[in-house]
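The values are calculated or read from the model by the stated rules, or taken from the named source; none is laboratory data. Because the structure is predicted, anything quoted here is derived from the model rather than measured. Cβ: placed from backbone, ideal geometry, glycine included. Neighbour counts: every protein chain shown. Note: areas computed on protein heavy atoms with side chains; ligands, DNA, RNA excluded. Shrake-Rupley method; radii C 1.70, N 1.55, O 1.52, S 1.80 Å.
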Amino acid sequence: MSDIEALRSTVERINLIAALDSSGRGGNLFFLTLFDLHPEVACCPIVQYTYSYVLAEFGDGQHSIDAEVARRFVAEKSYFRLVYNDLNDANEVLFSRMGGTPEAQLDRARLRNLIDDYFAAREKVSRREIIAIPLLAYALVRGTDMNSLRYLLIGDAVSRRAEEVVDGFSGAIVDEILRDFPQAKIFRLVRDPRATFASPRHQFVNSLGNMYAIRPGNYWSRLATLNSMRLTPDNGCVYLYWLFYLRQTERAICAKEAQYPDNFMIAKNEDLNLHFPEAMIAIGEWLGVRHLDSWRTSDFVPTVIGVPWHGAGAYNSRYQRATTGLLANDPEEVSRNVTGPNEYVTRRWRTRLNPREIELIEFLFFDDLKRYGYEILHHDPRRSPKEVLDRTLSGPFEGEWPKLSWLRAGFSAGMGEGWRRLFYTLTFLPFYVLSRLKLRESVLKRRFFGA
């Protein structure tokens, strides 16, 4: 059987595993690395948001797509471009940021030829083929026995880029996955809400420059965005956006799990880190795949294209390139040693959140914390919502209040950066007050809780 014939026959029978991160920092890339070397699963961990990109490009209802348009999408727009194309500066940087080794051995020329030849032989392709063929070709190039393959594995988010965080998310990506792969196995990646708040808050405060992404030239537009609550990851208010994001994604994924219970399994990040061998037994049994020898020990080494993964955490300076921001990254030695299962990543949030933040998150996500068995540290459920908000919003969030050392580092980097930081220092107080008023209003009127 030729390679193209092998792809054609496999795409018709293959099933899909989707690891859906319902927090933004639930560890979907780490989850994918667990199957990088599995002979029954076609997976390239560096390829992320597979369905999100396909749906954004072609829409929900379009199932027959021009083959050449589809090929260009794979080669130029999807995350698969990072392995389809030869390395260039931009792709190498992103590949490295995501914890991969760009020089990892992969016959990219053969991979391109397989994909190009498959799409060239057709006028139209299905959405299932756009999802499956690149990963099947990748598996074939890596020497996988196609007769042994049972699954594709992708990582994605339950939210959609066109949806508004305050209004909530439909979870329609689950419906679309099950239209193409009716027997799909969907992992709902669960992580402590305190950890999943601390991580993106750290990332975006540093990458955007400050809590409100303000600088000379956008001040009034940012203030208007916050006032209208048309929040995005890149503007308005970092802490407010991510509190709403965690609430809305949890609501959306729970609704879809209730709708399709047979297709779902929870994979708890803390179980994978603290009880790795036991967690992998349960995962392997649910999927019905071979239990790898490497899964039998907590010393498991995650890999990408067969090479040890370097991590892609928000605190990792390899991923988070802002190293002089308001929030300090982990030391390089720490980042190097916490890529595999470990206790540190399950407890790091305790040193990244102040007690007021912990109490606020425990209040806002109390039911979730209890449902998943997480310890409550500060919140007393006997306190009224108003009392909790008065206590927890009385001071700044971490990364909100400017520091003298931060100002000095800005001017050391250049006058432009120094003046941007000084501008924030002199002008952020209206944002400070308004963001708290908006959160209080949303909570006290029950909008935050969906009531």
message: All but one of (1) farther than 18 Å from Ala121 by Cα; (2) open to solvent by 10 Å² or more (accessible area, probe 1.4 Å) hold for Arg72; state the number of the condition that does not hold.
response: (1)
message: From the list Asn329, Asn337, exactly one residue is buried (at least 16 other Cβ atoms within 10 Å of the Cβ) and closer than 30 Å to Arg201 by Cα. Which is it?
response: Asn329
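Return the residue satisfying two criteria in turn: it lies in segment 82-111 and is charged (D, E, K, R), assigned to a helix (DSSP H, G or I) and open to solvent by 50 Å² or more (accessible area, probe 1.4 Å), and of such residues it is farthest from Leu152 (Cα to Cα).
Residues of segment 82-111 that are charged (D, E, K, R), as a first pass: 86, 89, 92, 97, 103, 107-108, 110.
Applying the additional criterion that residues be assigned to a helix (DSSP H, G or I) yields 89, 92, 97, 108, 110.
From the residues that got through so far, the ones that are open to solvent by 50 Å² or more (accessible area, probe 1.4 Å) too are 89, 92, 97, 110.
On the way: Asp89: 29, Glu92: 25, Arg97: 24, Arg110: 20 Å.
That would be Asp89.
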message: Please go through segment 50-69 and give me each residue that is hydroxyl-bearing (Ser, Thr, Tyr) and buried (at least 18 other Cβ atoms within 10 Å of the Cβ), ordered by number.
response: Thr50, Tyr51, Ser52, Tyr53
field: Checking Leu274 against (1) open to solvent by 10 Å² or more (accessible area, probe 1.4 Å); (2) out of contact with any Ser or Thr (no Cβ under 8 Å at 6 or more places or on another chain); (3) touching a residue at least 60 places away in the same chain (Cβ under 8 Å); (4) aliphatic (A, V, I, L, M), the condition it does not meet
entry: (2)
query: Limited to segment 330-345, what total is found for residues that are within 16 Å of Arg97 (Cα to Cα) and touching a residue at least 60 places away in the same chain (Cβ under 8 Å)?
result: 1
task: Could you check Ala120 against (1) open to solvent by 40 Å² or more (accessible area, probe 1.4 Å); (2) closer than 22 Å to Trp309 by Cβ; (3) not β-branched (Val, Ile, Thr) and say which number it fails?
output: (2)
- request: Collect the residues in segment 294-319 that are at pLDDT below 90, surrounded by fewer than 19 Cβ atoms within 10 Å (Cβ to Cβ) and not polar (S, T, N, Q), keeping them in residue-number order.
  value: Arg318
message: Taking the condition of being within 25 Å of Arg230 (Cα to Cα), touching a residue at least 40 places away in the same chain (Cβ under 8 Å) and part of a helix (DSSP H, G or I), how many residues in segment 175-210 meet it?
response: 14
message: Given the criterion part of a helix (DSSP H, G or I), crowded, with 16+ Cβ neighbours inside 10 Å and of a type in the set (Val, Ile, Thr), identify the matching residue among Ile46, Ile130.
response: Ile130
message: For segment 7-20, check the following and say yes or no: at least one residue is open to solvent by less than 10 Å² (accessible area, probe 1.4 Å) and in a loop (DSSP other than H, G, I, E, B).
response: yes
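Hey, which of the helices (runs of 4 or more DSSP H) in segment 231-341, taking only ones fully inside, have at least 2 residues that are charged (D, E, K, R) and over 26 Å from Cys43 (Cα atoms)? It would help to see each step written out before you state the result.
Numbers: elements: 238-259, 269-274, 276-287, 332-336.
Hits in segment 231-341: 238-259, 332-336.
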query: Would you pick out the residues in segment 124-151 that are under 13 Å from Leu7 (Cα atoms) and among the aliphatic types (A, V, I, L, M)?
result: Ile130, Ile131, Ala132, Ile133, Leu135, Leu136, Ala137, Ala139, Leu140, Val141, Met146, Leu149
